[in-house]
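Here is the structure we will look at, set down as structure tokens.
Every number here is computed from the coordinates shown, using simple stated rules; none is lab data. Please read all numbers here as calculations on a predicted model, not as lab measurements. Positions of Cβ are backbone-derived with ideal geometry, glycine not excepted, and every protein chain shown enters the neighbour counts.
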Amino acid sequence: MSKNALVSFKRSKHISTEISLTGSKSECNRALIISALSKGLVKVANLSNAADAVTLNGILNNLDSVDTTIDKDQARRAENYELIDVGPAGTAMRFLSAYLATKSGNYLLTGTERMKQRPIEILAEALKTLGATISYAEKEGFPPLRIFGSFDQKTDLVKVKGDVSSQYISALLMIAPTLAMGLRLEIDGALASKPYVDMTLDMLSEVGIVHYWEENIIVIKPQPFKKRTLTIEPDWSAASYWYSIAALANEAEISLPALKEKSLQGDSQIKQIMKVFGVSTIKTSTGISICKDESLSLTAEVFDLKNCPDLAQTIVVVAAALGKNLIFTGLETLKIKETNRVLALQTELAKIGVKFIEKDFMYTLNCDNLHFPDKVTFATYEDHRMAMA
């Protein structure tokens with residue numbers, strides 16, 4: 001990915017097109033781990049071509065082709081490990097941390113320099129509570145991780161704060177059926193990004209895994225996976241950028257075949273959010289169609305994005321480009337993503353005169369001095385969502 005994007009501003013008068021979307025990255029990453037845990041009983045159809053999913057699929061395929069069975073004495077020798085590099089793929093880092101803890105072998109799980117700055121301690125310590133042997137190869141609480149896979153479970157109870165990355169919770173839930181004692185996961189406080197946890201549990205249900213969720217505790221007992229095929233839906237995250245293009249046009253009609261209006265994906269909330277910008281969603285016989293009609297714009301002052309934080313950059317940038325002064329909440333997890341996305345938005349929006357002000361967990365978008373230079377260079381921070389937004 002280029003580190004910078006040169007943008008010239010010209011508003012489209014009318015857009016009419018049909019777009020075929022790739023499979024959902026969020027669903028695909030979960031399906032790949034579930035398939036690996038099932039030892040091939042679960043198949044995956046319509047794989048995403050997103051870089052993160054391609055990376056994870058390649059790593060899992062390579063692990064299947066390599067014999068990593070070694071004894072404990074060998075494993076404890078520093079030179080005997082398999083190096084696994086996820087690059088910038090944050091989901092792969094989290095999901096593999098849990099998966100490798102269950103798989104016999106000795107692993108060094110690493111990534112880019114930015115990945116080494118993203119905390120992993122909450123997940124690693126939760127796995128260690130269960131009995132996993134995990135240590136930090138460099139900085140305490142951060143990747144790279146040394147993982148000695150396959151462990152004797154000490155307990156089934158793990159407590160995780162609800163306001164951290166939902167991927168920590170999903171990673172633990174996916175390995176739960178394979179654990180000797182199963183898992184009782186206690187969520188401490190309000191759960192952020194709940195739709196992604198729901199997605200994980202729904203996909204586990206599709207392959208025969210039963211769970212119980214009462215109040216703040218999720219229980220999954222040890223149980224076998226059933227032979228199933230998980231078919232990945234088209235990606236609502238990818239669709240969100242077409243919604244933003246429609247919002248920024250005077251008029252637009254964009255067809256998105258095979259996209260499901262009722263979806264497991266948290267980012268499907270974009271269809272409700274974009275009504276504020278005059279973009280409506282129409283169910284069709286083949287998928288959905290999105291249309292821009294400024295007369296249909298709704299009024300909103302505050303957006304709570306805690307359940308869909310990955311949409312934040314897109315929505316903030318669209319609002320800025322349209323000169324809408326809005327308030328956003330639920331953005332705390334943006335600071336530990338591929339880059340500090342709050343700081344990145346503040347820095348780049350300043351180039352068009354827009355302020356993004358943080359105070360007491362509220363983020364105010366002030367567009368009073370919005371202006372569009374003929375050309376401007378935005379930094380991407382090697383973060384695909386920054387680049388696309």
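Here are some notes:
- A helix-only calculation puts the chain at -9000 deg cm²/dmol for mean residue ellipticity at 222 nm, using -39500 (n - 2.57) for each DSSP H run of at least four residues, averaged over all residues.
- Taken about its Cα centre, segment 25-231 carries a charge dipole of roughly 260 debye when the Cβ of each Lys and Arg holds +1 and the Cβ of each Asp and Glu holds -1.
- Order by protection proxy (mean Cβ within 10 Å, highest first), peptides 305-317, 225-237: 305-317, 225-237
- Cα-based equivalent ellipsoid of segment 318-380: semi-axis lengths in Å, sorted from largest, via gyration tensor: 20, 15, 8
- Lys, Arg +1 and Asp, Glu -1 on Cβ, resulting dipole of the chain about Cα centre, debye, nearest 20: 240
- Bridge type composition, the chain - antiparallel percent by DSSP, nearest 5: 65
- Scoring 211-223, 322-334 by mean Cβ neighbours within 10 Å over their residues and listing the highest first yields 322-334, 211-223.
- Kirkwood hydrodynamic radius over Cα pairs of segment 25-231, then Stokes diffusion coefficient at 4 °C and 1.567 mPa s, in µm²/s: 76
- Across the options 354, 311, 136, the greatest Cα extent toward the positive end of the charge dipole of the chain (unit charges at beta carbon of Lys, Arg, Asp, Glu) belongs to 311.
- Percent of beta bridges antiparallel (DSSP, segment 254-389, rounded to nearest 5): 85
- Cβ-Cβ FRET estimate between residue 4 and residue 325, R0 fixed at 30 Å, reported to 0.05: 0.60
- Amide H contacts for residue 225 (H built 1.01 Å from N in the peptide plane; partners 5 or more residues away or on another chain; cut-off under 5 Å): none found.
- Kirkwood Rh in Å, taken over the chain so that all alpha-carbon pairs contribute: 22.1
- Scanning residues 5 or more positions from residue 157 or on other chains, those with amide H under 5 Å from its amide H are 184, with H placed 1.01 Å from N in the peptide plane.
- The orientation-averaged projection of the convex hull spanning the C-alpha atoms of segment 216-340 amounts to 10.7 square nanometres.
- Rounded to the nearest 10 degrees, the inclination of helix 236-248 to the longest alpha-carbon principal axis of the chain is 10 degrees.
- Most simply put, segment 25-231 has about 55% antiparallel DSSP beta bridges, counting only bridges with both residues inside it.
- Relative to the longest principal axis of the Cα atoms of the chain, the long axis of helix 194-206 lies at roughly 50 degrees.
- Taken along its three principal axes, the alpha carbon spread of segment 301-340 comes to 27, 17, 12 Å, from the longest extent down to the shortest.
- Rel. contact order, % - alpha carbon contacts under 8 angstrom, at least six apart, the chain: 18
- Reciprocal mean inverse distance between Cα atoms of segment 143-276 - Kirkwood radius, Å: 17.3
- Per-residue Cβ neighbour counts within 10 Å put 375, 262 in the sequence 262, 375, beginning with the fewest.
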